[in-house]
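Colleague: Mind looking over this structure? Questions follow.
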Amino acid sequence: MTETFEFRWEGELRATPEQVWDAITVHAGGWLWPISYEPRVGGAARGLTARGTVTSWDPPRHFATEGPDRGGLNQLDCVLTPSKTGTHLAYRHRGRADDAQEVAAGSEHTKFYYHSLGEYVRHFAGREAAYVSADGPESSAAGGFAAVRRALGVPDDVSAGDAVRLTPPGLPAIDGVVDYLTPEFLGVRTGDALYRVYGRGAWGWPVGVAHHLFADGVDRDATERAWQTWLNELFSSERDSPMTQYAVLIYEREAPGGTAPELPPEVIAAHEKLPERIVAAGGREVGGLALEPSSTATSIRGDLVTDGPFIETKEVLAGVFIIEARDLDHAIELARMTPIVDGGVEVRPLLGLDFQGLS
C-alpha cells in the first residue's frame, strides 16, 4: 500500500529568474544531484525517475516534469516570478511513497534541498559542481548524525550562521559557515563548496554526505572514494568502541508535604521519546525506574526505622535510569536530554556491574 503526497516550497531567491532557471534545469548538481533535461516539451528527464518527461518548458517562467513511479506519476512543477529581491519560486512535487515515514522524510528533505538552491544561486550561480556523495552503513541509522558531527569537530552549541572548522580525519580541514542546521541535517558553505550531511536517523535510514564542490581541478572520483572511506572507518571504529554504563539520577523539587509535582503532558511525552533520542545520539538506555514521592519513603538507620526520606532536602530522588555511553562527556550529553520540571540530574558511572533491563 503506497501513500500519495504533495510537497510544496515557496520562497524568495536572491537571483534573477534566468539564474534560477539555469540552476534548476542545467546545474542541479550544484545544489541537489546531477539531473539532465532535454530542453523542450516531451524531452527526456534523466535522474529523477526511470522514464521522466518534460511537460512544460517555458524559460524562465514555468518548468514541469512527470514520470511513472510506483503505479502512479511523479510530478514536479516550478513557477518562477520576478520579485523585488530577485525571484519568487513556487515548487510543487506530487507522487507516491511507500509509507508515511517516507512522506515525512521527503518533506524535510525538500526544505533542505530548496534552501541549498537558494545558497547556490546566491553564491555560485551558473557554476559547474563536482558532485560527490557517500553513505554510511545500515548501522549508522542509529546515532549516525551525532557520530558524524563529532567526527567532523562540530561544536555541540553551534548555530546557523556560525563560522566553523570541520576536521574530518584523513581529509583536508574545511573552513566555512553553517548555513543550515536541524536535528537531522547540517549544511556548511565555504568559498568554493556546499557541504551537506544527511542524518536521516529519524526515518531509520543510514547517514549520508553529499557535497557540491566548485573549485577547479577537483578529482571527483578520488574525492568521493575518500569520503566513503572516511565514513566506513568512522562507523567501524564506532561499532568497535566499548560502551560504559552510567546511572542518571533524576532529582525534582517536591511540593510541601512530600507530594510529587504534577507532570505536564509535554514532559511525559518527552520522557516517552527519551530512549529513541538517546539512540539517535549514539547511546542506549538500558532501563529505568520512577519512584513514588518521598512521603512514601521509609528510612533505616541501624535499628531505627522512621517514616520519610533518609535525607531531608528540597530536591528529592524521583527516578533513575541506566544508559550506555562512550565516555563521561557522552554520558553528560545524553543525560542533558532528560526532561525536568524543577530540578536536575546527576550522572555516575556504574562500579564494575552490568545492568540489563531494569523494570
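Colleague: Rounded to a whole number, what is D in µm²/s for segment 244-349 from Stokes-Einstein with the Kirkwood radius over alpha-carbon pairs (4 °C, 1.567 mPa s)?
Modeller: 88
Colleague: For the chain, set up a Gaussian network in which alpha carbons nearer than 10 Å are linked by springs, and say which option among E252, E138, E292 fluctuates the most.
Modeller: Among E252, E138, E292, the largest GNM mean-square fluctuation belongs to E292.
Colleague: Using DSSP to define loop residues, name the trypsin sites (Lys or Arg not before Pro) in segment 34-103 whose beta-carbon has at most 15 other beta-carbon atoms within 10 Å.
Modeller: Within segment 34-103, the qualifying trypsin sites (Lys or Arg not before Pro) (loop, at most 15 other Cβ atoms within 10 Å) are R40, R51, R61, R70, K84.
Colleague: To continue, here is another question. Have a look at S140, L32, L291 and report the one farthest towards the positive end of the charge dipole of the chain, computed about the Cα centre with Cβ charges (Lys/Arg +1, Asp/Glu -1).
Modeller: L32
Colleague: What does the charge dipole of segment 129-241 about its Cα centre add up to, to the nearest 20 debye, if the Cβ of each Lys and Arg holds +1 and the Cβ of each Asp and Glu holds -1?
Modeller: Around 120 debye, computed over segment 129-241.
Colleague: Additional query: Stokes-Einstein diffusion coefficient for the chain at 25 °C in a medium of 0.890 mPa s, Rh from the Kirkwood formula over Cα pairs: what value in µm²/s?
Modeller: 104
Colleague: Would you mind telling me which residue in T296, T16, T55 has the biggest mean-square fluctuation in a Gaussian network model of the chain, where springs connect alpha carbons within a distance under 10 angstrom?
Modeller: The residue that fluctuates most here is T296.
Colleague: Okay, next question. Give, rounded to the nearest 20 debye, the magnitude of the charge dipole that the chain has about its Cα centre when Lys and Arg contribute +1 at Cβ and Asp and Glu contribute -1 at Cβ.
Modeller: Value, rounded to 20: 1120 debye.
Colleague: Continuing with the same structure: Using a Gaussian network model of the chain whose springs link C-alpha atoms within less than 10 Å, name the residue from E18, E272, E233 with the highest mean-square fluctuation.
Modeller: E272
Colleague: Then there is this: Taking only DSSP H segments of four or more residues, each worth -39500 (n - 2.57), what value at 222 nm results for the chain once the sum is divided by all its residues, to the nearest 500 deg cm²/dmol?
Modeller: So the calculated ellipticity at 222 nm is -8000 deg cm²/dmol.
Colleague: Mind checking segment 263-334 for trypsin sites (Lys or Arg not before Pro) that DSSP puts in a loop (not H, G, I, E or B) and that have at most 15 other Cβ atoms within 10 Å?
Modeller: The qualifying sites are K314.
Colleague: Right, something else. Where q = 0.28 Å⁻¹, what log10 of I(q)/I(0) comes from the Debye formula for segment 185-240, counting one point per Cα?
Modeller: Rounded to two decimals, the profile gives -1.19.
Colleague: Aspartates and glutamates near K84 by alpha-carbon distance under 13 Å, same-chain residues fewer than 8 away left out - which ones?
Modeller: E12
Colleague: Could I have the simple spin-label model distance between Q101 and E10, label points 7 Å from Cα toward Cβ, reported in nm to one decimal?
Modeller: That separation, rounded to one decimal, is 3.3 nm.
Colleague: Which value, to two decimals, describes the C-alpha radius of gyration of segment 1-126 once divided by 2.2 N^0.38 Å?
Modeller: For segment 1-126, the normalised Cα radius of gyration comes out at 1.02.
Colleague: Specify the longest stretch of the chain that does not include any exposed loop site, a site being one of the chymotrypsin sites (Phe, Trp or Tyr not before Pro) with a non-H, G, I, E, B DSSP assignment and at most 15 other Cβ atoms within 10 Å.
Modeller: 1-309
Colleague: Counting DSSP beta bridges with both partners in the chain, what percentage is antiparallel, nearest 5?
Modeller: 100
Colleague: Could you tell me how far the Cα centroid of segment 25-81 sits from the Cα centroid of segment 193-207, in Å?
Modeller: 24
Colleague: To continue, here is another question. Would you work out which of T306, G282, G319 lies farthest towards the positive end of the dipole of segment 278-319? Charges go on Cβ: Lys and Arg +1, Asp and Glu -1.
Modeller: Of the candidates, G282 comes out farthest on the positive side.
Colleague: Name the shape class, rounded, prolate or oblate, that the alpha-carbon gyration tensor gives for segment 129-241, where a ≥ b ≥ c are the square roots of its eigenvalues, rounded holds for a/c under 1.5, and otherwise prolate holds if a/b is larger than b/c and oblate otherwise.
Modeller: Because a/c hits 1.5 or more and a/b fails to exceed b/c, segment 129-241 counts as oblate.
Colleague: Can you list the residues, at least 5 places off or on another chain, whose amide H is less than 5 Å from the amide H of D179, using H built in the peptide plane?
Modeller: Sorted by chain and number, the residues that satisfy this are G161, G187, V188, R189.
Colleague: Ok, one more. Take E262 and L171, extend 7 Å from each Cα along the Cα→Cβ direction, and tell me the distance between the two endpoints in nm.
Modeller: My value for the distance between the label points is 5.1 nm.
Colleague: Using the Cα centre of segment 129-241 as origin and beta-carbon charges of +1 (Lys, Arg) and -1 (Asp, Glu), tell me which of L194, A226, P206 is placed farthest towards the positive end of the dipole.
Modeller: Looking along the dipole axis, the top candidate is P206.
Colleague: Can you list the DSSP H helices in the chain whose Cα atoms extend at least 15 Å along the helix axis and whose mean Kyte-Doolittle hydropathy is -0.5 or higher?
Modeller: The answer, listed by residue number, is 265-280.
Read-outs throughout are calculated quantities, based only on the coordinates presented, and are distinct from any laboratory measurement. Everything quoted here is computed from the prediction, not taken from an experiment. Counting neighbours? That spans all protein chains shown, and the Cβs are built from the backbone with ideal geometry, glycine included.
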